[in-house]
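Notes follow the structure.
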Amino acid sequence: MKNVMPTYGRIDLSFERGEGPWLYTKDNKRFLDFATGIAVNTLGHSNKDLIDTLSIQSKKLWHTSNLYNIQPQEELAELICKNSFGESVFFCNSGAESLEGTIKLCRKFHFNNGNKNKTDILVCSSAFHGRTLGTLAAGDNEKHREGFGVNTNGFIRVPFGDINEIKKFINKNTAAILVEPIQGEGGINRSPKGFLRELRKICSESKILLALDEVQTGIGRTGKLFAHQWSEIKPDVMALAKGLGGGFPIGAVVATNEAASGMSPGTHGSTFGGNFLASSVAKSVISQVIREGFLDNVTKMGNKLLKEIDLLAIKYSKQIKGVRGKGLMIGISCNMNNLDLCTNLRKNGLLSVPAGNNVLRLLPPLNINNEHADKCIEILNQTLSNIKVK
Ligand SMILES: *Cc1c(COP(=O)(O)O)cnc(C)c1O
C-alpha cells in the first residue's frame, strides 16, 4: 500500500471473498466477520438479493445526476418514509456527509423562520459524527481535530445522557440538539432510560430541532429499523449511512417536511448522492430488513450474545469487565487492553472493532444464526482462556 496515504494504521491482512458472515483470504483462511466494515455489511457478504439487484441495475443505468428524476431514489425515499417519521429525504454518500446535511438543515430551518441567530448545535460528550471539518467540530475527539484548524464555533458541548445539565445550555441561539441514540465510536454508550423522550419534550418546548445521528444505530442494528423507535419518539431529522447500502456507499438525511422547509432548490447538493446503483441496492437492503421476523432475529441473537458474554465476564473477570449494547450493537468493556483483545481474537479467526473507553465492539451481520453466535462465543472463550493477566 505504498502509494496509499497512510491515514489508517492497517493490519497486514486482506480478504479475497466473503459469504454470509465469513471472510476468506487468498489462501482460504476463514474469519468470522463480527466487524462488518464497521456496521456496514447489514446482510453479510455476497447476499443474493443484493448481488441480483446490483447486477440488474448495472446493466441498465448507473448515474445520471440529481438534475433529473431518479426512479430508484424516489422509491427508496418512499420506502424510508413509509417506515419512519420521515417525510423528506436527501441522499449523499457517507455518514459525515449525512451529518453535514443534518447540521445545514437545522440552521436553515431557523434562518428560514426569521431566526438568523439560532445557529448553535448542542453536541454530546464522547460523540463521534465523522471526519469532515464540520463533523470534527461536532465530535468530541480533540485528537481528531489537532492540526486541522477546525473552527468549533456553533457547537456547544453537553454531557451525554444528562438531561438536567443539557437543559441549562439551551438559550435563544440554540438551533438543535444532535445525539447518537447509542454512542458507537465512543464505546457503545447507552443513555439512561427516558433520555430521548425527555430530549424530545425539551426540544418541542424550546422550539429547537431534535437531530439524531443514526449512522451506526440505524437500519436494524439495535433490533428496530431505527434505534429511536425503541423510545417511541419522533426526531425532526436523522442522519443515516453505514448499514443503509449493505456495503454500497450511500448516506441519507431523513426529515419531517417542517424541519426540511428551508431546503429549497439550490440550498444543498451532491453529485453522486442517491444514484441508480446506490439507491437500488439500499432499497433491497431495507426491503430485507423489514421482512417478517428479520428484526426479531437481531434481538434474539443480540440477547443470546449479551447473556453468554456476561457469563464470560464472570469467568474471565481479569480480562473483561462486562458487556453492554442493544441488538447486534455490542460492546465488551475490557480490563485488559481492548486492542490486544482484538488482535488475539483475530488470530483465532474472529473480527471485532475497538471503540473508545477501552471497549471492544461486536457488530455482526444482522442475519446471523445460532451457529454463528455460538462460534463467536467459542472463539471468545478460547481466546480469553489463553490470555494471562496478572
Ligand atoms: C461512522 C459514523 C459516522 C461517519 O460516517 P462516515 O461514513 O465514516 O463518514 C458518523 N456518525 C456515526 C455515529 C458513525 O458511527
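The values are calculated or read from the model by the stated rules, or taken from the named source; none is laboratory data. No experiment lies behind these values; they were computed from the predicted model shown. Every residue, glycine among them, receives a Cβ derived from its backbone with ideal geometry; neighbour counts consider all protein chains shown. Quick note on the areas: whole protein, heavy atoms, side chains included, nothing else; ligands and nucleic acids left out. Shrake-Rupley method; radii C 1.70, N 1.55, O 1.52, S 1.80 Å.
Candidates Ser231, Ser206, Ser191: the one that is more than 11 Å from the ligand (Cβ to nearest atom), modelled with pLDDT under 95 and in the same structural domain as Leu99 (by TED's automatic domain parsing) is Ser191.
Against the test of being in a loop (DSSP other than H, G, I, E, B), within 30 Å of Gly245 (Cβ to Cβ), touching a strand residue (DSSP E or B) at 6+ places or on another chain (Cβ under 9 Å) and open to solvent by less than 10 Å² (accessible area, probe 1.4 Å), the options Ile219, Ile177 yield a single qualifying residue, Ile219.
Looking only at residues of segment 263-295 that are assigned to a loop (DSSP other than H, G, I, E, B) and of a type in the set (D, E, K, R), we find that the one that is least open to solvent (accessible area, probe 1.4 Å) is Arg291. Could you say whether any residue in segment 370-380 is surrounded by fewer than 24 Cβ atoms within 10 Å (Cβ to Cβ), farther than 27 Å from Ser287 by Cα and of a type in the set (A, V, I, L, M)? There is at least one residue in segment 370-380 that is surrounded by fewer than 24 Cβ atoms within 10 Å (Cβ to Cβ), farther than 27 Å from Ser287 by Cα and of a type in the set (A, V, I, L, M). Every test in (1) more than 15 Å from the ligand (Cβ to nearest atom); (2) among the acidic types (Asp, Glu); (3) surrounded by 20 or more Cβ atoms within 10 Å (Cβ to Cβ) is passed by Glu87 save one, and that test is (3).
Just one residue in the set Asn117, Asn112, Asn153 is within 30 Å of Thr7 (Cα to Cα) and open to solvent by 40 Å² or more (accessible area, probe 1.4 Å); that residue is Asn153. Give me the pairs: first residue in segment 131-144 and assigned to a helix (DSSP H, G or I) and open to solvent by less than 50 Å² (accessible area, probe 1.4 Å), second residue away from the ligand (no atom under 12 Å from the Cβ) and among the basic types (Lys, Arg), beta-carbon distance under 7 Å, and six or more apart or on different chains, which are they? That search, which allows pairs on different chains as well, returns Leu136/Arg145.
Tell me whether segment 86-95 contains one or more residues that are assigned to a helix (DSSP H, G or I) and assigned by TED's automatic domain parsing to the domain that holds Ala211.
Looking through segment 86-95, at least one residue is assigned to a helix (DSSP H, G or I) and assigned by TED's automatic domain parsing to the domain that holds Ala211.
Among the residues of segment 296-319, those identified as open to solvent by less than 40 Å² (accessible area, probe 1.4 Å) and of a type in the set (Val, Ile, Thr) are Val298, Ile309. The condition (being surrounded by 10 or more Cβ atoms within 10 Å (Cβ to Cβ) and not in a loop (DSSP other than H, G, I, E, B)) is satisfied by just one residue among Ile56, Ile11: Ile56. Pairing each residue of segment 265-277 that is touching a residue at least 24 places away in the same chain (Cβ under 8 Å) with any residue that is open to solvent by 40 Å² or more (accessible area, probe 1.4 Å) and hydroxyl-bearing (Ser, Thr, Tyr), provided the two are 6+ apart or on different chains, yields C-beta distances under 9 Å for Asn275/Thr64; Phe276/Ser58; Phe276/Thr64; Leu277/Ser58. Just one of the numbered conditions (1) within 16 Å of the ligand (Cβ to nearest atom); (2) under 20 Å from Val123 (Cβ atoms); (3) open to solvent by 10 Å² or more (accessible area, probe 1.4 Å) is not true of Gly247: (2). Criterion applied to Gly139, Gly114 was being at positive phi and either within 16 Å of the ligand (Cβ to nearest atom) or assigned by TED's automatic domain parsing to the domain that holds Lys207 (or both), and the one residue passing it is Gly114.
Is there a residue in segment 26-35 that is in contact (Cβ under 8 Å) with a residue 24 or more places away in the chain, farther than 30 Å from Thr267 by Cβ and in contact with a His (Cβ under 8 Å, 6 or more places away or on another chain)? Taking every residue of segment 26-35 in turn, at least one turns out to be in contact (Cβ under 8 Å) with a residue 24 or more places away in the chain, farther than 30 Å from Thr267 by Cβ and in contact with a His (Cβ under 8 Å, 6 or more places away or on another chain).
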